[in-house]
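One structure is given below, encoded as structure tokens.
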Amino acid sequence: MSAERPASAGSTAAPVDAVRPGGHADPAGTVGPLDAAGPGSPVAPASPGGRPPLDVLIRRLDPEVPLPSYAQPGDAGADLRTTEACQLEPGERAVLPTGVSVALPEGYAAFVHPRSGLAARCGVALVNAPGTVDAGYRGEIKVIVVNLDPREAVRFERFDRIAQLVVQQVERVRFQEVAELPGSARAEGGFGSTGGHAAVDGTSGTSGQAAMGGRAGGNRYASVVSDREGQ
Ligand SMILES: O=c1ccn([C@H]2C[C@H](O)[C@@H](COP(=O)(O)OP(=O)(O)OP(=O)(O)O)O2)c(=O)[nH]1
């Protein structure tokens, strides 16, 4: 087991607010529940193209958690915080609570994205990135973090910012079955068909078998069984 490594303590890290010790002690934590997009927020949400920001109902399940907020004007994602401290050993994952639930308008979804600073400095990823929060979901937003660093543990303190929530409009489609699809330049080319790096050009030691579902493709049978049984 590795020595404890705060998310703030990546060996090559220059300190930035996102991962600095105590970075979770955000003064925004004191704002009232209606202040998320108002004067109490550190940064009011940007309005791309001059559009007014979308109002999204949010409920705090943890009365002390700061509401998600945009760190900078123009940011696409509002930072989500964990309400539980957690330490992840190399390779470990955890489902962390954020202390908030939302009611998105129909026609919208929210996507739980990783934070680049945590990824670059500490090797923290989201197992299901991006996580999808459906418009009808009223439960607590959770974040499935994994420590991909092969050697060092990572520690999150309560109210550390662990992910970001991107709200987007989504289309609901009607699938129209046809015998033949219209042609296109790409046609059926996929999985590196345009080349561009050694691994997919076949000039390196890796064959790309995993991506093609070949022998190195992992335990696909077990995954399908778990999913079918709702586990
Ligand atoms: O990172 C995530 C992803 C999902 N969710 C919540 C919101 C979402 O609406 C619900 C279901 O997620 P998803 O549809 O991705 O999961 P599933 O495994 O397909 O479950 P279900 O059968 O409930 O749809 O879980 C989160 O809180 N965080």
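The values are calculated or read from the model by the stated rules, or taken from the named source; none is laboratory data. The structure presented is a predicted model; accordingly, all values stated were derived computationally and were not measured. Glycine also receives a Cβ, built like all others from the backbone with ideal geometry; neighbour counts cover every protein chain displayed. Keep in mind that these areas ignore ligands, DNA and RNA; they rest on the heavy atoms of the full protein, side chains included. Shrake-Rupley method; radii C 1.70, N 1.55, O 1.52, S 1.80 Å.
Name the strands (runs of 3 or more DSSP E) wholly within region 81-131 that hold at least 1 residues that are open to solvent by less than 50 Å² (accessible area, probe 1.4 Å) and within 17 Å of residue 69 (Cβ to Cβ)?
Filter on region 81-131 gives 100-103, 108-113.
If you go through region 134-150 one residue at a time, how many are loosely packed, with under 15 Cβ neighbours inside 10 Å and in a strand (DSSP E or B)?
Looking only at that region, the number is 0.
Output the qualifying pairs, or none if there are none: Cβ atoms under 9 angstrom, residues six or more apart or on different chains, first residue in region 134-145 and more than 14 Å from residue 61 (Cα to Cα) and of a type in the set (Val, Ile, Thr), second residue within 6 Å of the ligand (Cβ to nearest atom) and not in a loop (DSSP other than H, G, I, E, B).
143/112; 143/131; 144/112; 144/131
Step by step: first the residues of region 151-170, then only those that are among the β-branched types (Val, Ile, Thr) and in a strand (DSSP E or B), then the one that is surrounded by the fewest Cβ atoms within 10 Å (Cβ to Cβ). Which residue is that?
My answer is 166.
Within the set of pairs 6+ apart or on separate chains, which have a first residue in region 49-67 that is under 15 Å from residue 169 (Cα atoms), a second that is assigned to a strand (DSSP E or B) and at pLDDT 95 or above, and C-beta atoms under 7 Å apart?
Sorted first by the residue in region 49-67, then by its partner, the pairs are 54/167; 56/102; 56/167.
Here is a list: 79, 75. Which entry is within 16 Å of the ligand (Cβ to nearest atom) and charged (D, E, K, R)?
Result of the check over 79, 75: 79.
Kindly provide the set of residues from region 126-142 that are more than 6 Å from the ligand (Cβ to nearest atom) and either within 15 Å of residue 168 (Cα to Cα) or within 13 Å of the chain's Cα centre (by Cα) (or both), ordered by number.
126, 127, 129, 130, 135, 136
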